[in-house]
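**Q** Before we start, here is the structure in question, set down as structure tokens.
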Amino acid sequence: MSQDFRIDKIGLINRDKKISFKFNGKNYFGYEGDTLASALIANGVHLVGRSFKYHRPRGFFGAGVDEPYAIVQLYKNNETEPNVRATEQELFEGLEAKSVNCWPNVNFDIGAINNFLNKFFPAGFYYKTFMWPKSFWYKVYEPFIRKAAGFGVASIKHDKERYEHKYEYCDLLITGSGPSGLASAYAAAKNGARVILAEDKPRFGGSLLTSEVNIGNQSGKEWAENIVAELKEMPNVIVKNRSQVFGYYDHNMLVMSERLSDHLPKSKKYSPRQRLWYIRAKEVVISSGSIERPLVFGNNDTPGVVLSSAAKEYLKVYGVLVGRNPLIFTNNDSGYETAIEFKKNGIWPVILDTRSNPNSEVIDEAKRMGINIKFSYVVVAAKGYKKVKSAEIAKISEDKKDLGQIENINCDCICVSGFWTPTIHLASQSGNKTKFDKEIDAFVPGQSKQEETTVGSANGIFTLEETLKTSFETGQELSKKITKNDNKVSIPTVVEKKLTKHDKFWCVPLPEGKKYKRFLDFQNDVVVTDVELALREGYRSIEHVKRYTTLGMATDQGKTSNLNGLQLVSNVENKVVPAVGHTTFRPPYTPVTIGAIVGREIGKHSKPTRKSPIHLWHEKNNAVFVDAGVWLRPRYYKQRDEGLFEASKREAENVRKNVGVCDVTTLGKIDIKGPDVAEFLNRVYTNAWLKLPVGKARYGVMLREDGIVMDDGTTTRISENHYHMTTTTAQAANVLSHLEYYLQIVWPELNVNVVSTTEQWAGAAIAGPKSRNVLQKLFPDTDVSNEGLPFMGYLEGNLFGVYARIFRISFSGELAYEVNVQSDNGNFMWEKIIEIGKEFSIQPYGTEALSTLRIEMGHVAGSELDGRTIPYDNGLQGLVSKKKDFIGKRSLNRSAFTAEDRQKVVGVVPLDKKTSIPEGSHLVKEAKSKLPNPKLGHVSASCWSVEYNNPFSLAILRDGKNMIGEKLFALSPLKNKTIPVEIVSSHYVDPKGERVRS
Amino acid sequence: MQKYSVFSLIKNAFKGHKDWEVAWKDPTPKAEYDVIIIGGGGHGLATAYYLAKEHNITNVAIVEKGWIGGGNVGRNTTIIRSNYMHDENALFSELGMNLWRNMSQELNFNVMFSPRGIINLAHSDAQMNVYSRRGNSMRLNGIDAVLLGREEVKKLIPMADFSENVRFPIFGALMQPSAGTARHDGVAWGYARQADSMGVDIIQHCEVTGFDVANGKIKGIKTSKGNIKAKKVGLCVAGSTSVLAEMLNMTLPVETHLLQACVSEPIKPLLDRVVTFGAGHFYCSQSDKGEMVMGGDLDGYNSYAQRGNLPTLQHVLTEGIAMFPFLSKLKMLRTWGGIMDMSMDGSPIIDKTHIEGLYLNCGWCYGGFKATPASGWTFAHTIAQDRVHELNAGYSLNRFSTGHLIDEKGLGTKTWIS
Amino acid sequence: MLHIKCPHCGLRSQNEFAYGGDATVKRPELNKEVSDKEWDTFVYLRKSPRGKHLEFWHHISGCRQWFKVERDTVTHEIFKTLKPNEDN
């Protein structure tokens, strides 16, 4: 197939390498270095999609990041990606893409009927209708609208690509490699600064790739190539292409996304698809250039209407003609540059200039070349449906209000230039209060908020000479501030054509009796009358206009539409543009792949997984694990075909009857040292700590200042000034921060040090009537009798050559011990316990059996200490000292906390002694009351009591202390259960606590 | 007032849409009002509407520093639900649900209430139990709730991560089928248009600079457009409450924090529920325009900046991909930040104050948008009757002294932790 | 991302730190009689200024020291950081 719109001997593509690709099922070819857009245009394809609302045919408008139309569905490696901009997608072998938002196809799109009904769909029409009948919005209208909206189709397959993060520091980050960026980078790098130069496009050079200028006796393009080559060789410079700095955050942190594989058929081995760079820069030079503004006229969305700068770029970079019969419509000299390029390649353009009599070097050159120029002329409307076929043009009066006789002119494309809009997004994101520059009718950066300097056309400077001069100086001065060096590079001489002033005119009036649509936002189909309607209806703030009409809210984020929208509002409202103000720029500058933002923390690695040193043993012994925060703990050890219920019952029974062992490594452990520890603990815990002897442990409860229980655990006095605190698994980190806060800020006079030792110790709880037998054999040299190691006692021991700490503490309510050894010896300890315990029928038990044991003993845990309960609620009032002060004590006398009918933990047994009560059930007086049914309390934890062989639950019940013996109902409407229950003491087993002391 | 309908739309289409009236006027402030509402956000506009509609008080002004709907009502993730555990929150929100269901018709403005259901994913049996407590509580309060098993969840949202390569597998979920979303801007505009039509003055670009209080009574306010007298003044300025409180020498149990949200590029319909992640803090729905709307944690330090930082979004989106792996390939299109009142127990305050005639509506934390109608309705009642309604009695200012806290999350006063 | 100067470790990125809230809140002394109002003020009431804010941060993934930061709540600019016992 021939490429009718490709011309010879021009462009930066590699004509030696043909690349085949597919668009809408049809095969085409392009060259290495093409974008999908340039290759399609070369093949004469101008129809790429349909618009959002009216389904009007859409082609290409720009040649890069500002493209509002050319959004395609990409297919690659059995995957598909929605919403890819064809103007940015580089061509690779085998690329496949399809049009979106059209059915059955882009040529014949049923949705285009909207275009004929468009008068019924003005801005915000959906707020005014679809209200009747009531249920139809959700059931009928919304699904219909949803189906019509959206662009591409997302694949729900898991992403197989890899994304990486990189953190980098530099002296100067330079965002864009046009003339201003290159000059700043070069000056700074030569002055010894660490520089990162980021270029969004594959090629460096920005406007130098397409402009006819001369710098230091080289063409602009050669100069750029030489500077980049030199920068790449410098050790203090990082040069990155395909890298977009998209966000400017606090404290000069910028974020850049680097695309490493999107231009390749598939990612290279060991290379990620994209890399996200977090860059902390001492200074930022914003050299992001400017984007050409559209001129607004009738049917200005017709395929073939393109930005004049894009037409020039397609020609000079890709050797592609956007048309063979171009009409150039301009209000400034830029259009002439495009026209001259056409003419040089044998194409005769016609220029319509809105100005009446402009004079400049570039205009003179166009005249010399014999180009047909019509001054004071405008395009009234483009003609043609799927491609421009001709244009209605007319002379326009000096005041730009009246059109002359409409004439028809044949053309196959219209290249528009409405002057330039500086790309101030990054400056604005940094907090810069931008200001309106009347000379260029656009906003430019004002006072910097952070360390940021904007150069070149992004700063509203449109001559190369001044751009280079100021950019070299900026690079020099900023680097000098940091490096203190003063190496200056000489500023090269510049040859460029002088340009003259642009015309402020941008929107062509409608001719009498015509209702052409004049588009402001091309992707979201926002036309001039939409904005006028919004204003008429009182949506007058620019934010209201934006939200009511959706102007600037498309995937191009209004890069080509925002300023024209502002100008229109200012015209209608009769205000100057700065009084209208622009909407806020926020990151990202261009859409960023979510995978790149997240990086490697996906799948199993989305959060850390913490395992005890005994984990492998658990695995080998058929443990079924449960997530306890980020820890994995054995929930039960499966034997044969046991389920959770059978296994945990067996394990719990074995603890009550013989002995069991449980891995308690995950408990938080804090080592506390210093002469004032006792005083400190006395302030942290609700109970008294001043008299705890060495070699003794004590249970304690700590509160937040608001009186709510924060955590509980035991603390042991290891030696005179050395204590060992345990916390719950969940609260370990919070408790440490809490202790540090009080020690460092509130009571710095206390001489106490705390450090987390959770990871340093492995722990095993040995529980059951035969636990002492196991202990005796584990520590034959140590007296672990009831006298030698009484309840809440502590000893150090030698476990077959390994140092161990032995605590006689119990969570299960049985005679029990907890042995700690250094983590590395954890597995050794565990295997020894299992080996020695064999003759006493030891079995490991998991968290489920642990729960059963604690529940039937009435020991409160996380489900009762849920951040809403006070000690009284948990039956812990006996641990609250009346004599001394402690954290949170003052809060306990609030009236709700001391109310007569305050909630309290109780036991709950089903009357039939058979039906388990689902956790989360609520206790009520009447099962069949009308709703809302008053709730007296809720079931916090349930188990099958192995002691009594019937279900037992704990509940937090209003007036719990007076409810023992009451008959209530436990209701779980979610599970459709109504269970008559009796309230009993929460201490269901061994209420006197004799076993732990036996 | 013009009625909006398909017929009026067609009629106007043939007149080139030239005859549409303004949705609300742009009046200059009068010298005195019966009630001034400070804050032209969702809650302020709703309060004014219900003052006029339910209490026949129409000599009302709404005073707004910027443009109406520019605060949190215009920068949220549009989720509407009443899936609360505590009775105070549940019954209040259920009033809201009833108002939401009829809002488009009542306001004659399509707010696009879409009861698509909210699914709270659970990732352990323990979490299923916590959700059971909440769900059972909802059911006993007459609110719809169902508990879903893993397979049932899979049928509703097959794009969630049901693979082996998952850190926190989905065990099941609590679902409130009647919960949903609405068009946030439409809510503000709908209330504004109706309030305006009943005589309420909506005064934009009018910043409050001070208060006129004498003998413990409110007399009026000072603004950038001059002093305005008022018999009663209601504060409805979530995010800026502390700033106005300072002018009144009040210190409140509220801190201002920043909450970010973001949307992806629009894609064809894929997700037709609201889903929240259980092993973290992430919520997601798909807008009618096709964008995936996503949010999560606060930025985590006091802030009045409507601009956030990337690490928070990175964290939020990490949980997003953990829940919906397909999000990885989508592109983040737009981010924004809202500033919110974080109260010390996570629940709001709607109450009288120690100053006669001054009423307080603040502390909405993450949940302001869904509360818009119920907040306006009860606040209007509180102002009009000079006493709280039973549905907002729990949202008293003195609950922090009495201990009658309403702490859904059990996190206490560290408001920035979620 | 904020760049915070830990008084002990120097400038580090925000992700090493945990926020600790209003640093002007002062805990009433232990064992001292305080009125309900004083206590409630300590536990619940916050000035939450728009502008300069003195707040605690904790170098949780670093030296684990608590310290004070004076920061602008609108611009996020950090003016200074102080050890807990320093006033300026």
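**Q** Name the GluC sites (Glu not before Pro) in the stretch A:370-444 that are in a loop by DSSP and that have at most 15 other C-beta atoms within 10 Å, would you?
**A** Values: sites: A:GLU392, A:GLU398, A:GLU407, A:GLU439; in loops: A:GLU398, A:GLU439.
Sparse-neighbourhood loop GluC sites (Glu not before Pro): A:GLU398, A:GLU439.
**Q** Moving on to the next point. With every protein chain kept in place and ligands, DNA and RNA left out, what is the accessible area per residue of the stretch A:900-998? Probe 1.4 Å, answer in Å².
**A** Using a 1.4 Å probe on heavy atoms only, each residue of the stretch A:900-998 averages 47 Å².
**Q** Here is a further query. Accessible area lost on pairing B with A, both sides, 1.4 Å probe, Å² to nearest 100?
**A** Working: alone 18350 and 44010 Å², together 52230 Å².
Summing both chains' loss of accessible area gives about 10100 Å².
**Q** Would you kindly find the accessible area of B:ILE80, with a 1.4 Å probe and non-protein molecules such as ligands, DNA and RNA excluded, rounding to the nearest 10 Å²?
**A** Counting only protein heavy atoms, B:ILE80 exposes about 0 Å² to solvent.
**Q** In addition: Relative to the compact globular guide of 2.2 N^0.38 Å, what is the alpha carbon radius of gyration of the stretch A:294-418, as a ratio?
**A** Against the empirical 2.2 N^0.38 Å value, I get 0.96 for the stretch A:294-418.
**Q** At a probe radius of 1.4 Å, what is the per-residue accessible area of A:ILE708, in Å² to the nearest 10?
**A** My reading of the accessible area for A:ILE708 is about 10 Å².
**Q** Local charge sum around A:LEU750 (other residues, Cβ-Cβ under 13 Å, Lys/Arg +1, Asp/Glu -1)?
**A** In short, -2.
**Q** Oh, and also: Please report how far the C-alpha centroid of the stretch B:324-368 lies from that of the stretch A:769-814, rounded to the nearest whole angstrom.
**A** The distance from the Cα centre of the stretch B:324-368 to that of the stretch A:769-814 comes to 53 Å.
**Q** Report, in debye and to the nearest 20, how large the dipole of the protein assembly as shown comes out about its Cα centre when Lys and Arg carry +1 and Asp and Glu carry -1 on their Cβ.
**A** 2060 debye
**Q** Can you give the charge dipole size of the stretch B:279-358 about its Cα centre, rounded to the nearest 20 debye, using +1 on the beta carbon of Lys and Arg and -1 on the beta carbon of Asp and Glu?
**A** It comes to approximately 500 debye.
**Q** I've got another one for you. Please give the FRET efficiency for A:GLU835 paired with A:SER719, using the beta carbon to beta carbon distance and R0 = 30 Å, rounded to the nearest 0.05.
**A** So, using R0 = 30 Å, E works out to roughly 0.45.
**Q** Let me ask another. Taking all protein chains as present, what is the carbon and sulfur share of the accessible area of the stretch A:1-160, in % to the nearest whole number, probe 1.4 Å? Don't skip to the end; give the middle numbers.
**A** Details: 3940 of 6760 Å².
Roughly 58 percent of what the probe reaches on the stretch A:1-160 is carbon or sulfur.
**Q** So, one more: Determine the order of B:ASP125, A:ASP412, A:ASP402, A:ASP34 by accessible area, beginning with the largest, at a probe radius of 1.4 Å.
**A** A:ASP402, B:ASP125, A:ASP412, A:ASP34
**Q** Let me ask something else. Which net charge results when you count Lys and Arg as +1 and Asp and Glu as -1 among the other residues whose beta-carbon is under 13 Å from that of A:ASN682?
**A** Charge balance in the 13 Å sphere: +4.
**Q** Oh, and also: For the stretch A:641-789, what does the accessible surface come to per residue with a 1.4 Å probe? Please give it in Å².
**A** Numbers: 5030 Å² over 149 residues.
With the other protein chains kept in place, the stretch A:641-789 gives 34 Å² per residue.
**Q** In addition: Suppose the chain between A:TYR270 and A:ILE113 were pulled fully straight at 0.36 nm per residue; how much longer would it get relative to their current alpha carbon spacing?
**A** So the chain would gain 51.6 nm between A:TYR270 and A:ILE113.
**Q** Once you've got the Cα coordinates, tell me which of B:LYS370/B:LYS414; A:LYS221/A:LYS389; A:LYS201/B:LYS329; A:LYS435/A:LYS546 are over 30 Å apart.
**A** A:LYS221/A:LYS389
**Q** Same structure, new question: For the stretch B:216-280, what's the radius of gyration and Dmax over Cα atoms, in angstrom?
**A** That works out to 20.3, 58 Å for Rg and Dmax.
**Q** Could you compute how much accessible area chains A and C hide from each other, both sides summed, with a 1.4 Å probe? Nearest 100 Å² is fine.
**A** The contact between C and A buries close to 2400 Å².
**Q** Treat the stretch A:767-810 as a sphere of radius equal to its Kirkwood radius over Cα pairs and apply Stokes-Einstein at 4 °C in a medium of 1.567 mPa s; give the translational diffusion coefficient in µm²/s, rounded to a whole number.
**A** Details: Rh = 10.5 Å.
Estimated diffusion coefficient is 123 µm²/s.
**Q** If I take R0 = 56 Å and measure r between the Cβ atoms of A:ARG902 and A:GLU573 in this structure, what FRET efficiency does the formula 1/(1 + (r/R0)^6) give, to the nearest 0.05?
**A** The computed FRET efficiency comes out at 0.35.
**Q** Could you pull out the chymotrypsin sites (Phe, Trp or Tyr not before Pro) across the stretch A:33-142 that fall in loop regions by DSSP (anything but H, G, I, E, B) with no more than 16 other Cβ atoms inside 10 Å?
**A** Counting only loop positions with at most 16 other Cβ atoms within 10 Å, the chymotrypsin sites (Phe, Trp or Tyr not before Pro) in the stretch A:33-142 are A:PHE108.
**Q** Sorting check: for B:186-197, A:3-14, which peptide has the highest mean count of neighbouring beta carbons within 10 Å, and how do the rest follow?
**A** In descending order of packing, they fall as B:186-197, A:3-14.
**Q** So if I place +1 on the C-beta of Lys and Arg and -1 on the C-beta of Asp and Glu, and nothing else carries charge, what would the dipole magnitude of chain B be about its Cα centre? I want it in debye, nearest 20.
**A** Magnitude of the dipole: close to 780 debye.
**Q** Which of the residues in the stretch A:579-599 show a loss of at least 10 Å² in accessible area from their chain by itself to the complete set of protein chains, at a probe of 1.4 Å?
**A** Residues meeting the cut-off: A:ARG586, A:PRO587, A:PRO588, A:PRO591, A:VAL592, A:THR593, A:ILE594, A:GLY595, A:ILE597, A:VAL598.
**Q** Same structure, new question: Among A:375-381, C:23-29, how do they line up by average Cβ neighbours within 10 Å per residue, starting with the highest?
**A** Averaged packing, sorted descending, gives the order A:375-381, C:23-29.
**Q** Still on this structure, I have one more. Residues of the stretch A:929-966 losing 10 Å² or more of accessible area relative to the isolated chain, 1.4 Å probe, heavy atoms only?
**A** Those residues are A:LEU931, A:PRO932, A:ASN933, A:LYS935, A:HIS938.
**Q** Please list A:574-580, A:239-245 highest first by mean number of surrounding beta-carbon atoms within 10 Å per residue.
**A** A:239-245, A:574-580
**Q** I've got another one for you. Report in % the part of the accessible area of the stretch A:441-600 that belongs to carbon and sulfur, leaving out ligands and nucleic acids; probe 1.4 Å.
**A** Heavy-atom surface of the stretch A:441-600 belonging to carbon and sulfur, 1.4 Å probe: 48 percent.
**Q** Which lysines, on any chain, are close to A:LYS147 with Cα under 17 Å apart, when same-chain ones fewer than 8 places away are left out?
**A** A:LYS53, A:LYS139, B:LYS268, B:LYS289
**Q** Per residue, how much accessible surface does the stretch B:101-192 expose to a 1.4 Å probe? Answer in Å², no decimals. Please report the intermediate quantities before stating the final value.
**A** Working: 2590 Å² over 92 residues.
The answer is 28 Å² per residue.
**Q** Give the residues of the stretch A:685-717 whose amide nitrogen is closer than 20 Å to a point set 7 Å from the Cα of A:ASN751 in the direction of its Cβ.
**A** Counting backbone N atoms under 20 Å from the label point, the list is A:690-692, A:694, A:717.
**Q** Run through the stretch A:657-733 and list the trypsin sites (Lys or Arg not before Pro) located in a DSSP loop whose Cβ has at most 12 other Cβ atoms within 10 Å. Walk me through the numbers before you get to the answer.
**A** Numbers: sites: A:LYS657, A:LYS669, A:LYS673, A:ARG683, A:LYS691, A:LYS696, A:ARG698, A:ARG704, A:ARG717; in loops: A:LYS691, A:ARG704.
Hits after loop and neighbour filter: A:LYS691.
**Q** How crowded by other chains is B:177-189, given as the mean number of beta carbons from other chains within 10 Å of each beta carbon? Show your work: numbers first, answer last.
**A** Working: counts 0, 0, 0, 1, 1, 0, 2, 1, 7, 5, 0, 2, 8.
If you average over the peptide's residues, the count of other-chain Cβ atoms is 2.
**Q** Then there is this: How high is the FRET efficiency from A:ASP486 to C:GLU77, r the C-beta distance, R0 25 Å, rounded to 0.05?
**A** 0.25
**Q** Moving on to the next point. Please compute, for peptide A:136-147, the average count of beta-carbon atoms on other protein chains lying within 10 Å of each residue's beta-carbon.
**A** Per-residue shielding by partner chains comes out at 4.
**Q** Same structure again: Per-residue mean of other chain beta-carbon atoms within 10 angstrom of the beta-carbon, peptide B:258-269?
**A** The mean count of partner-chain Cβ atoms within 10 Å per residue comes to 6.
**Q** Please report the equivalent ellipsoid semi-axes of the protein assembly as shown, computed as sqrt(5 x eigenvalue) of the Cα gyration tensor, largest first, in whole Å. Kindly include the intermediate steps, with their values, before the conclusion.
**A** Values: eigenvalues 768, 280, 191 Å².
One finds semi-axes of 62, 37, 31 Å for the protein assembly as shown.
**Q** Could I ask something else about it? Between 0 and 90 degrees, rounded to the nearest ten: what's the tilt of helix A:464-483 against the longest Cα principal axis of chain A?
**A** 30 degrees
The values are calculated or read from the model by the stated rules, or taken from the named source; none is laboratory data. All figures in this text were calculated on a predicted structure; none of them were measured in a lab. Please note: Cβ atoms are built from the backbone with ideal geometry, for glycine as well, and neighbour counts cover all protein chains shown. These area figures cover heavy atoms from the full protein model, side chains too; ligands, DNA and RNA do not enter into them. Shrake-Rupley method; radii C 1.70, N 1.55, O 1.52, S 1.80 Å.
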